[in-house]
Amino acid sequence: MRIRLLLALSIMPLSLLFSQTGKIRGYVYESEGSVPIPFANIVLEGTKFVGISNNDGFYQINDIPEGTYKLKVTSLGFSPITREVTIQSGKIQTMEFFMEPETQMLMDVVVDAERQQRQTKILTSVVTLEPKEIAQFSVGGEPDLVRAIQVLPGVITTGDQGGQLYIRGGAPIQNLTMLDGMILYQPFHSIGFFSVFDTDILQSADIYTAGFKAEYGSRTSSVMDIRTRAGNRKRLAGKISSSTFSTRALLEGPLGKKNEDGISPVSFLVSAKTSYLDKTAPIFYPYAETEFGKGELPFYFTDIYGKISSQSSNGSKINLFGFSFNDGVDFTPVQGINWNAFGFGGNFTVVPPSSPTVINGYVSYSKYDLNSTEIIGQPRRSTISGFNGGLDFTYFMRKADELKYGFQVIGYRTDLFLTNSVGRIVQDLQNTNELAGFFQYKFQANRLLLEPGLRLHYYSSLSEFSLEPRLGIKYNVNEKFRLKGSGGLYSQNLIAANSDRDVVNLFYGFIAGADDIPENFRGEPINSKLQRAWHAVIGGEYDVNEKLTLNLEGYIKNFTQITNINRNKLFESGDTEQPDYLRKSFIVEEGLAKGIDLLVKYNDRHFSLWLAYSLSEVTRTDELRTYYPVFDRRHNLNFVGTYKWDENKWEASVRWNFGSGFPFTPQQGFYPKLTFTTPDGRPDINYDYTTVNGDPSILYGDLNTKRLPDYHRMDISVTRHWSFGDHQKLDATFAVTNVYNRANIFYYNREEARRVDQLPILPTVILSYSF
């Protein structure tokens, strides 16, 4: 019996090795070879073998018995493709598909692959935005990623002029933004309608609002993973767009010899956009009264991006890219703020012909400079520059299981100089490196999906390791109803050079690993300079019918340690007779964000609806008190509706946003401030306080104990589409931001006793021509 058992055990691996099965994989693209098609459905007809393409258009089907099959590819809006494929034992067959757009969508042959995607992926706290969603959500103006992100559940913006995005209770410094693998330190312009990304070059943007996977790190709140597409591999193409706000231009095309499908292996893409709102505002919007004056919108920017892509027939590819992003605001001839960023890098994908593993890598360098003279007598500057890179391996296992592992390295230098409101100079120069390794495994057993992960992150400037377990889980109760959850531990080193207690943050500098922090917090010793948080998210998805889907999630983010710049520093750090919170350059806080997000989506051929409601509460605790930060908004509602008619030649959209009031600190009165210093700022022992008139100063009440009025705004857009021949298109859009001219308060200028509102009604006309 023992001999038989040993013989059986020895033969078992051989039987697995020589199992009579093979694999098929490849990519699905639009016909011109530049845009991957996600959610495409790949089926071996007459069998149960089905694959779904991911955001990169990649698909793989495992464990297919030997034989010849008919393989069918379908996707909503494209003509189906059917090809014959022969599967050989132990072999991996690679097939690319280029799908032609379809004017009459054949609903009877299209499988709802997006619903199948929700059944086979956990998708907790993540929304994937593609160019069509970005255009749909950018009601009231030009299509832009920042407009689209603002309608997502859990996302709060504090203003149109220098406001920031706060995602489920996290500050902007706690958001990780990546462009083709490169870390970006400032992805948005000072005018709140625009990001640095041209929508026409984007492939997808994955927005993780909490509980993100182990492959992402070095931030404690959220992730924006943004990917650009390759240029057109079939023909020379382009687009020109202009409005009263800005002008955009795009040119792309193939390089080199084309194959039998008319597809070139190499392509280029160049994109540029520039604003001239500072020049057109006095002409088109002379009534617009902002903090800068009537008819003054002194915002300007210029963005340039270029990319070269090369791809082989088996899907291996390499991309090289570079960019220059510039932004500025001129308050007066001598007061203003400007920043510029530039960078370059590359990424690659290797698809080995005989291995079920896909290898991805990236490396990049970027630099961000910021200079401010916005406050007279308080010049500020900040620079951050460095590199990041990584290599990861995705192994596609039996059935639908996947193993992904890799390593990442980050190195950067920060240089900060500023003078705070009480005249103290803060200077900081740091060099730091970070090294991380991770693995995550997706396991599927019947209705249960598990995705455990682990990240080990080392911060060299702090000499600290951070061990960060992550977990995602989903259970398909039935074909319509699914339960899901995710969570984990997160850490970061980077610190903002401004206080997130400020409403307006035009100056957003960076510091790596601050040393001058308190030794104790609320009587307990601080044993680490690393900022940490843990997340927990639980929710459910329900497909009411083929057109209507509900998504409900509840979350908690516990920021166990936050480092914030000390806006109230009064004494030198070495003055040990004073408490830490009055002499240290930085303070330590704790934070707690909790809430419930509801998302309702409806789509049919003519009408689409997006309704996102958030109920949330965010608190911060410092050495003295627990308070509500300036971005705590209890209720937030976004409604976006789009209707298409006349064979989709016309399109009308409306967005309405409601938000309850932000916290603010009341004032109790004014008092004469006596400085006891000489005119040049030195201590004056002969200061005669009996005769000197003090500077008028504000006596504040308790921190953020009052609320501003509620916010609401409606934006509308109407677009007419024309097509000329196979490729030429003309779009004309009339759009209005703040259509009923709601006077939403931005903040109150206490020194001038003047209310400053958000932007008023802003109509615009957008003309776009593509070829």
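Between region 613-667 and region 171-240, what's the alpha-carbon centroid distance in Å?
Taking the Cα centre of each part, region 613-667 and region 171-240 sit 21 Å apart.
Label points 7 Å out from Cα along the Cβ direction at E45 and F348: separation in nm?
Here the modelled spin labels are 4.0 nm apart.
Mind putting together the pair-distance distribution for region 310-416? All Cα pairs, 5 Å bins, whole percent per bin, short to long.
Spelled out per bin, shortest first, that is 3, 10, 14, 14, 13, 10, 9, 8, 7, 5, 4, 2, 1, 0.
With a Förster radius of 45 Å, plug the Cβ-Cβ distance of N433 and T82 into 1/(1 + (r/R0)^6) and report the FRET value to the nearest 0.05. Intermediate values should be presented prior to the final figure.
Values: r = 52 Å, r/R0 = 1.16.
The formula returns an efficiency of 0.30 here.
Over region 591-695, calculate the relative contact order: mean separation of alpha carbon pairs under 8 Å at least 6 apart, over the residue count, as a percent.
Values: 179 pairs, mean separation 19.7, N = 105.
The normalised contact order for region 591-695 reaches 19 percent.
Could you work out how much longer the chain between K72 and V266 gets when fully extended? Use 0.36 nm per residue separation minus the Cα distance between them, nm to one decimal.
On the way: separation 194, 0.36 × 194 = 69.84 nm, distance 2.75 nm.
Using 0.36 nm per residue and subtracting the Cα-Cα distance, I get 67.1 nm.
At a temperature of 10 °C and a viscosity of 1.306 mPa s, determine how fast the chain diffuses translationally according to Stokes-Einstein, using the Kirkwood radius over alpha-carbon pairs as Rh; express D in µm²/s, rounded to the nearest whole number.
Values: Rh = 28.2 Å.
D = 56 µm²/s.
Along the three principal axes, how long is region 630-728 when you take its alpha carbons, biggest first, rounded to the nearest angstrom?
So the three principal-axis extents are 84, 33, 17 Å.
May I have the convex hull volume per residue, in Å³, for the Cα set of region 207-363? Mind dumping the intermediate values first?
Working: hull volume 27.5 nm³, N = 157.
Roughly 175 Å³ of hull volume per residue.
Pull out a ≥ b ≥ c, the square roots of the eigenvalues of the alpha-carbon gyration tensor of region 168-287, then state rounded if a/c is under 1.5, prolate if not and a/b is larger than b/c, and oblate in the remaining case. Intermediate results must be reported in sequence, preceding the final value.
Working: a/c = 3.42, a/b = 1.11, b/c = 3.07.
Oblate shape, in that a/c is at least 1.5 and b/c is the bigger or equal ratio.
What's the ranking of 42-51, 173-182 by average number of surrounding C-beta atoms within 10 Å, highest first? Don't skip to the end; give the middle numbers.
Values: 42-51: 16.0, 173-182: 22.2.
Those peptides, ordered most packed to least, come out 173-182, 42-51.
Provide the per residue accessible area, probe 1.4 Å, for region 478-569, rounded to a whole number of square angstrom. Let's see the in-between values first.
Details: 3530 Å² over 92 residues.
In whole numbers, region 478-569 has 38 Å² accessible per residue.
Sequence gap at least 6, Cα distance under 8 Å: using those rules, report the relative contact order of region 483-607 to the nearest whole percent.
Numbers: 245 pairs, mean separation 33.4, N = 125.
Contact order relative to length: 27 percent.
What ranking do 191-203, 518-530 get when scored by the average of other Cβ atoms within 10 Å per residue, highest first? Write down the numbers at each step before the final one.
Working: 191-203: 23.5, 518-530: 12.7.
The peptides rank, most packed first, as 191-203, 518-530.
Could you tell me the accessible area of K317 in Å² (1.4 Å probe, neighbours in place), rounded to the nearest ten?
Accessible area, nearest 10 Å²: 40 Å².
What number do you get for region 631-675 when its Cα radius of gyration is normalised by 2.2 N^0.38 Å, N = residues? Numbers along the way, then the final one.
Working: Rg = 22.4 Å, N = 45, 2.2 N^0.38 = 9.3 Å.
Dividing the Cα Rg of region 631-675 by 2.2 N^0.38 Å gives 2.39.
Taking all pairs of distinct Cα atoms, average 1/r, flip it, and tell me the Kirkwood hydrodynamic radius of region 453-510 in Å to one decimal place. Can you show the working numbers first?
Details: mean 1/r = 0.0656 Å⁻¹.
Hydrodynamic radius (Kirkwood, Cα pairs) of region 453-510 is 15.2 Å.
Which value, in debye to the nearest 20, gives the size of the charge dipole of the chain about its Cα centre, when Lys and Arg are +1 and Asp and Glu are -1 at the Cβ?
Values: 78 positive and 83 negative charges, 408 e Å.
Computed charge dipole of the chain: roughly 1960 debye.
What are the radius of gyration and Dmax of region 161-239, computed over its Cα atoms and given in Å?
14.4, 46
How big is region 728-770 by Rg and Dmax over its Cα atoms, in Å?
In Å, with Rg to one decimal and Dmax whole: 16.7, 55.
At q = 0.11, 0.26 Å⁻¹, what log₁₀ I(q)/I(0) does region 591-676 have when each alpha carbon counts as one equal point scatterer in the Debye sum?
For region 591-676, the Cα-only Debye profile gives -0.55, -1.21.
When only Cα pairs under 8 Å and 6 or more residues apart are kept, what is the percent relative contact order across the chain? List each step's numbers first, then the result.
Details: 2134 pairs, mean separation 73.6, N = 771.
Result for the chain is 10 percent.
How many nm is it between the label spots at R720 and F571, if each spot is 7 Å from the Cα in line with the beta carbon?
7.2 nm
Where does the chain land at 222 nm, in deg cm²/dmol rounded to the nearest 500, when only DSSP H runs of n ≥ 4 count, each adding -39500 (n - 2.57), divided by all residues? The partial results should precede the final answer.
On the way: 6 runs with 48 residues, N = 771.
So the calculated ellipticity at 222 nm is -1500 deg cm²/dmol.
Which one of L592, N476, Y581 is farthest out on the positive end of the charge dipole of the chain, using unit charges on Cβ (Lys, Arg +1; Asp, Glu -1) and the Cα centre as origin?
Going by the charge dipole, the pick is N476.
Can you give the accessible area of F724 in Å² (nearest 10), computed on protein heavy atoms with a 1.4 Å probe?
So the heavy atoms of F724 present about 100 Å² to solvent.
Determine Rg/Rh for region 355-512; Rg is computed over alpha-carbon atoms and Rh is the Kirkwood hydrodynamic estimate from the same atoms. Before the final figure, lay out each step's value.
Numbers: Rg = 21.4 Å, Rh = 19.0 Å.
So for region 355-512, dividing Rg by the Kirkwood Rh gives 1.13.
In the chain, what percentage of the DSSP-assigned beta bridges are antiparallel, given to the nearest 5?
Details: 313 of 324 bridges.
Antiparallel bridges make up about 95 percent of those DSSP assigns within the chain.
Beyond 29 Å between alpha-carbons counts as too far, so tell me which of K121/K367; K307/K484; K404/K557 fall in that bin.
Values: K121/K367 36 Å; K307/K484 38 Å; K404/K557 26 Å.
In this structure, K121/K367; K307/K484 exceed 29 Å between Cα atoms.
Could you work out the Kirkwood radius for region 682-771, taking every pair of different alpha carbons, averaging 1/r and inverting it, reported in Å?
18.9 Å
For L255 and T677, what is the calculated FRET efficiency with R₀ set at 51 Å and r taken between the beta-carbons, to the nearest 0.05?
Working: r = 65 Å, r/R0 = 1.28.
For R0 = 51 Å, the calculated efficiency reads 0.20.
Determine the per residue accessible area of region 124-205 with all protein chains present and a 1.4 angstrom probe, expressed in square angstrom. List each step's numbers first, then the result.
Working: 1240 Å² over 82 residues.
Counting only protein heavy atoms, the per-residue value for region 124-205 is 15 Å².
Could you provide, to the nearest whole Å², the per residue accessible area of region 218-343 with probe 1.4 Å?
On the way: 5000 Å² over 126 residues.
Using a 1.4 Å probe on heavy atoms only, each residue of region 218-343 averages 40 Å².
So, with a 1.4 angstrom probe, what is the percent of accessible area on the chain that is carbon and sulfur? Don't jump to the answer; show the numbers that get you there.
Numbers: 19640 of 33850 Å².
With neighbouring chains kept in place, the figure for the chain is 58 percent.
Give me the distance in nm between label points sitting 7 Å out from Cα along the Cα-to-Cβ direction at A743 and T626, one decimal.
Going from the A743 label point to the T626 one covers 3.7 nm.
The values are calculated or read from the model by the stated rules, or taken from the named source; none is laboratory data. Everything quoted here is computed from the prediction, not taken from an experiment. Positions of Cβ are generated from backbone atoms using ideal geometry, with glycine treated the same way; all protein chains shown enter the neighbour counts. All accessible areas refer to the heavy atoms of the entire protein, side chains included, with ligands and DNA or RNA removed. Shrake-Rupley method; radii C 1.70, N 1.55, O 1.52, S 1.80 Å.
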